[in-house]
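Structure, as C-alpha cells:
The values are calculated or read from the model by the stated rules, or taken from the named source; none is laboratory data. In this text, all values refer to a predicted model and were calculated from it rather than measured experimentally. For neighbour counting, all protein chains shown are included, and Cβ atoms are generated from backbone atoms with ideal geometry for every residue, glycine included. For the accessible areas, the whole protein counts, side chains as well, though only heavy atoms, and no ligand, DNA or RNA atoms are used. Shrake-Rupley method; radii C 1.70, N 1.55, O 1.52, S 1.80 Å.
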Amino acid sequence: MPSQNRWSQADAEAAVARYGAAGISQDLALRTYSARLLGADPDLVLHGGGNTSVKTTVTGLLGETIPVLCVKGSGWDLATIEPPGHPAVRLEPLQALRVLERLSDEDMVAAQRCNLIDPAAPNPSVEALLHAFLPHKFVDHTHSIALLALADQPEAAALCREVYGDRVALVPYVMPGFALALAAAEAYEAAEQRARAAGVELEGMVLLQHGLFSFGSTAEQSYGRMLALVGAAEQRLARVSARSQPRPLSEPPIPAAAVLPVLRGLLSRAAEAEAAPRRWLLDLRTSEPALAVVNDQRLATWASRGVATPDHVIRTKAQPLVLPPASTDLASWSAAAATALEGFIAAYKAYLARQNARVGGGRTPLDPLPRVLALPGLGLVGLGRSAQEAAVTADIAEAWARTLLAAEALGRFQPVGEDDTFEMEYWSLEQAKLGKARDLPLARQVVLVTGGAGAIGAATARAFAQRGADVAVLDRLAEPAQAVAASCGRRALGLACDLTDPQAVRQALSAVAAHFGGLDIVVSNAGAAWSGAIAELSDADLRASFELNFFAHQSVAQAAMALFRAQGLGGQLLFNVSKQALNPGPGFGAYGIAKAALLALMRQYALEGGGEGVRANAINADRIRSGLLDQGMIQKRSAARGVSEEAYMAGNLLGEEVRASDVAEAFVALAQLERTTGAVLTVDGGNVAAMVR
C-alpha cells in the first residue's frame, strides 16, 4: 500500500499545546509528532528502526543558550516515542569531531554521552554524528521498503539517479558510525553543489543498501520530503510486475498447529546441544508476500542473499532456515527438518569461523540457531524469547519478503555481502551487550489458563505474565477472556471455549499452538458448584458437575499432553482441586465428589507423565471471593454462622482472608518447583480438616 502523508496541522498544533503544557519546546514537540508519524508506518520503519533529530537550543544553568541536537535515543521506538526519546546533546562538540580522520565506535559513543545535557538520558543514536554533520534543522531516516527495493540492486546508484535525479545525495554502503557520518557529509556537500547547478533543491540522501534520509527547515517539510521520496520509489516499482515461479506441492500442507510444536521441539534440542536457551516462541506469517517467497522455486537462492538492510541482521541473522515442504507425514517431515536445521547450524559455524579469522579473531560467538524459518506451504516463522520478540522477528521477515519480491521484479535483489553483514552482526557495540540481558523466571514459557476470566483465573494469568510467561486465556465467552488477555501483554491470547466439548478444547489448544508455537504449562482452573443433598441430587446435576469439574479437565489435559509429546520438552499440568476434594461439605456433594475425582486424575498424570518430563500438581484453595463464592453467598454463610462477613472470610488459623492473588502465587510457585510432582499445595489460611494427611 503506498505510503500516505498523514501530517495534520491541527494534530501538530495539538501536540505542541499538549507537550508545551509539560514544558516541552515547540521544536521538540513537532519533532516528536512527526517522528511518531514515521514510526506508525511499517513500510518506513519497524521496531526501533530509523532515527530522527532536530537542532534546537536549551538554556543552561547560568542562563546561557546552548545549541543542541535532540536525536533519537537507544531503546526508543519511533511509533511510540515521547520527548525524552530525543535526548539533547551539545551540538558544537559533535560537529567539531568532523576534523578527525577516524574515531572508534566506543570513543564515538563516549563523546556523545559526555555531551548529553542530561547524563541520565539514553545513549544517542549511533547515527547522531551523521545528523549533526548535516546543516538542516530537522532530519529523518527510514528503512523504506520501496527505497530498499531500489537500493538493494547491482546498479542501485544508476537506478536511484534515474528516479531522483539531483534531488538526493548517494552514499555507497558504509557501516553506521563515524566513517558513515563523514562519508554522508562529503556526499551531501558534493550533491548540494550539483543540485544548485541543476537548479533543484536537495531533499534527501540515499544510503545504498541501507536506507533513506530526508531533511528540511521544518518538521513538516522533512516529513513531506520523506513521503515524496518514498512515493517516487513506489511509482517506479509500480511500472514492473512480479515474476513468480511457484513450487508445486505434492500434497496439502500439514496444519501449522501440528507442525510448529514439532519444530519447537527440534529447535529446543538443537539449542541444548549448543548450550543455548532451550525454549523459543514462534510466530507464523501467512501473508501474500510471505507465501509468495516460501512457495517459490528460487527460495533457497533468495534465502542466501541476505537481509534487506544490515540493521535487521541483529534480529534475524543473515539468512532464514529453509525447511522442506510440510506436506508429507509428520514423522518424515520432522526427520527432514532436523537435517535441515543441522545443516544451517553447521553453515553458521563455518561462516563465523571464516569471518572471525578475517577480522583477526576475538568476536564472541552468538548462538547458531536461526531466527527466521521459511516453511513452504505454510509461510515465514519468526523466533523469539517471547511472543512479542517472535512477532518483531516475523514482522522483519515479512518486510524482507516484500523488499525481495519488489527488488526481484525490478531486477535482482542484492543487499550487502557477507563481510558487511558480519561486521554488523558482530559489531563491537552489540558484543558489549552480551550477557547483560536477564530473562524473568518464567520467560520463554507458554501458559494456558482455563476459567481465565474469573477471579482466580484472571489473577493467575496476570501473575504468570508478570514472571515473563506468555499467556493464553480460555473462558466461556470471548470478550472477558480477551479483556484478561489484554492485561497480560500485547501478544496474549484470549479465546472462547466450551470446556465440556472435547472437540472445542482440541481446537482451542490448536489455536494456542498456532499462535505461540507450542505450550508449556496448563492451569486447569475452570469449575462451578452444584448444590444439593447427595441423596436427592438429580442425575442431570451430578453429571453436569462431572462434565465441568472432571471431564473438562481431562479433555484439557489430554489435548495438552499431545502438544507436550509433539514438542518433547515435558510440561506441567496444574489443577485447581479446591478444599472440597479433601474436606467435603454438606450440600456440595456434586462439586466435592467431582473434585475428589480430579485430585485422583492429577495423581494419575503425575504417575504416568513423569517419564516424559510432565509434572502434575494441584492447589487446594478455600474461601476465595470468586464466581463460586460471590457476595450473596458470603452474606448467607456469614449470617448462618452469626459472624460478620469479614470474620467469615478470615475464618482460618491465620485469621486472614485468602485472596485470589494468593492462589495465583501458589500456582506460580508450583510451576517453578522443578522436582515436584503429584503434590497438593494448600492455600486456605489454615484449615485442619482440609490438611493433607
Across segment 631-657, what is the total count of residues that are of a type in the set (A, V, I, L, M, F, W, C), out of contact with any helix residue (DSSP H, G or I) (no Cβ under 7 Å at 6 or more places or on another chain) and modelled with pLDDT under 85?
3
Taking segment 556-590 as the search range and keeping residues that are assigned to a loop (DSSP other than H, G, I, E, B) and either modelled with pLDDT under 95 or of a type in the set (Lys, Arg) (or both), which one is surrounded by the fewest Cβ atoms within 10 Å (Cβ to Cβ)?
Pro586
Out of everything in segment 4-39 that is closer than 24 Å to Arg402 by Cβ and surrounded by fewer than 22 Cβ atoms within 10 Å (Cβ to Cβ), what residue ends up being modelled with the lowest pLDDT?
Gln4
Tell me, yes or no, whether segment 136-145 has at least one residue that is under 30 Å from Ala409 (Cα atoms) and of a type in the set (Gly, Ala, Ser).
yes
The listed residue being in contact (Cβ under 8 Å) with a residue 60 or more places away in the chain, at negative phi, outside any strand (DSSP E or B) and open to solvent by 30 Å² or more (accessible area, probe 1.4 Å), out of Pro84, Pro42, Pro93:
Pro42
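Having 1 or more residues that are open to solvent by 10 Å² or more (accessible area, probe 1.4 Å) is the bar; report the strands (runs of 3 or more DSSP E) wholly within segment 451-553 that clear it.
Working: elements: 470-475, 493-496, 521-524.
Ranges flagged: 470-475, 493-496.
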So which pairs qualify, if the first residue must be in segment 534-558 and closer than 10 Å to Ala594 by Cβ, the second must be part of a helix (DSSP H, G or I) and among the hydroxyl-bearing types (Ser, Thr, Tyr), the Cβ gap must be under 6 Å, and the two must be at least 6 apart or on different chains?
Ser545/Tyr591
Give all pairs with beta carbons closer than 7 Å in which a residue from segment 368-395 that is part of a helix (DSSP H, G or I) meets a residue that is aliphatic (A, V, I, L, M) and modelled with pLDDT under 95; count only pairs at least 6 apart in sequence or on separate chains.
Asp395/Leu46
All but one of (1) under 22 Å from His136 (Cα atoms); (2) of a type outside the set (S, T, N, Q); (3) touching a helix residue (DSSP H, G or I) at 6+ places or on another chain (Cβ under 9 Å) hold for Val58; which doesn't?
(3)
Please determine, by comparing only the residues of segment 101-125 that are of a type outside the set (Asp, Glu) and loosely packed, with under 11 Cβ neighbours inside 10 Å, which one is farthest from Gly73 (Cα to Cα).
Arg102
Residues of segment 606-630 being more than 19 Å from Glu665 (Cβ to Cβ) and either at pLDDT 85 or above or surrounded by 22 or more Cβ atoms within 10 Å (Cβ to Cβ) (or both), in sequence order, are Ala606, Leu607, Glu608, Gly609, Gly610, Gly611, Glu612, Gly613, Val614, Ala616
